[in-house]
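Asks: Would you mind keeping the following structure in view while I ask a few things?
The values are calculated or read from the model by the stated rules, or taken from the named source; none is laboratory data. All figures in this text were calculated on a predicted structure; none of them were measured in a lab. Note that each Cβ is placed from the backbone with ideal geometry, even for glycine, and that neighbours are counted across all protein chains shown.
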Amino acid sequence: MLAPLVPASPGTLISETESITGQFREELELLRRLRAAGLGEAAGYKVSAMPREAGARAHCFMTFALEDGQTFTREHRHLLARLQPAVHAALERLCVPLVASQSILAQIVEEQTIGYMCLSRSGAIVEVNERLHALVRRFLRAARVEDGRGALAQFAGRALDETRGQRSWCLEHEDGSTHVKISVHHLAKETHIIGEDLQLVIMQEIPTLQREKSLLGEAVPPMCQTPQLTAALGELDDVEQKIVVAMVTTKSQNKQIAIEMGLGLRAFEKRVQRIASKLNIHVSRGTRVRPVLMRRLMSR
């Protein structure tokens with residue numbers, strides 16, 4: 001049944017009458033549904049053939065169907081052949097927001113609730129959805145970006161800087177009611193069937209109370225959870241949160257925690273100092289930062 005489909009090169013237009021023959025036409029549920037909907041012959045462009053696990057290949061098609069009783073004529077084929085480059089380009093753009101490591105269905109369902117922006121390797125803006133536009137306008141002040149012309153480009157640049165090393169960038173709205181979590185994913189053109197390598201900026205809004213609960217999760221035992229710790233985690237980035245949780249839940253020395261996190265001891269201690277600074281915890285010169293930090297965070 002698939003003989004004409006598998007060897008065809010991307011861009012080929014293939015009719016169902018060429019590829020689905022004999023008993024398969026009677027048994028295929030998809031064709032029965034098309035006929036029940038008043039649709040007749042269908043044809044599709046082969047968009048791509050992508051390698052999968054264990055040597056398998058996935059063949060992707062974009063299918064068009066005519067009204068029942070009609071067939072694809074030479075004129076149809078000529079018209080669709082001229083449309084093919086535009087159709088292929090549109091499909092590439094449709095692939096852009098999807099991150100391979102995450103559920104495609106979940107991403108489609110959440111498409112209207114998350115903001116996304118696609119950037120070229122040079123940082124130029126390729127595409128932005130309406131949700132990201134709205135979120136950026138609301139969080140400009142928190143992002144320390146000036147309103148006006150070029151604000152979106154400035155925000156994109158800050159997002160790339162703040163998320164280096166696979167970090168998340170969290171911003172709190174000025175009224176304290178909500179946060180946004182910003183992350184960047186690198187999309188290889190070979191994996192995502194797109195025309196160039198892209199950087200995908202995802203911006204997700206999270207109510208403050210929900211975010212604080214999720215930051216604690218099960219990582220911190222209930223006996224160690226305090227209002228000060230909950231509030232503090234809401235001010236820190238992902239790496240800083242992990243450092244604080246490790247210091248709270250273990251008796252490991254700084255050097256051991258640093259090794260487990262893949263950090264040098266000096267880099268770790270600088271991060272601890274930065275955490276104290278972010279939380280407005282003053283540490284006298286010559287005093288060890290960690291004990292002071294723990295006393296403040298664990299006080300009830």
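Asks: Kindly list the number of the only condition in (1) exposed (fewer than 13 other Cβ atoms within 10 Å of the Cβ); (2) modelled with pLDDT under 75 that fails for residue 267.
Replies: Single failed check for residue 267: (2).
Asks: Follow-up question, since we're still on this one. Does residue 286 qualify as being surrounded by fewer than 12 Cβ atoms within 10 Å (Cβ to Cβ) and modelled with pLDDT under 80? Before you say what the answer is, go through the steps one by one.
Replies: Values: surrounded by fewer than 12 Cβ atoms within 10 Å (Cβ to Cβ): yes; modelled with pLDDT under 80: yes.
In short, yes.
Asks: Here is a further query. Tell me which helices (runs of 4 or more DSSP H) are completely within the stretch 107-192 and hold 1 or more residues being modelled with pLDDT of 85 or more and not charged (D, E, K, R), or say none if there are none.
Replies: Those helices (runs of 4 or more DSSP H) span 130-138, 151-162.
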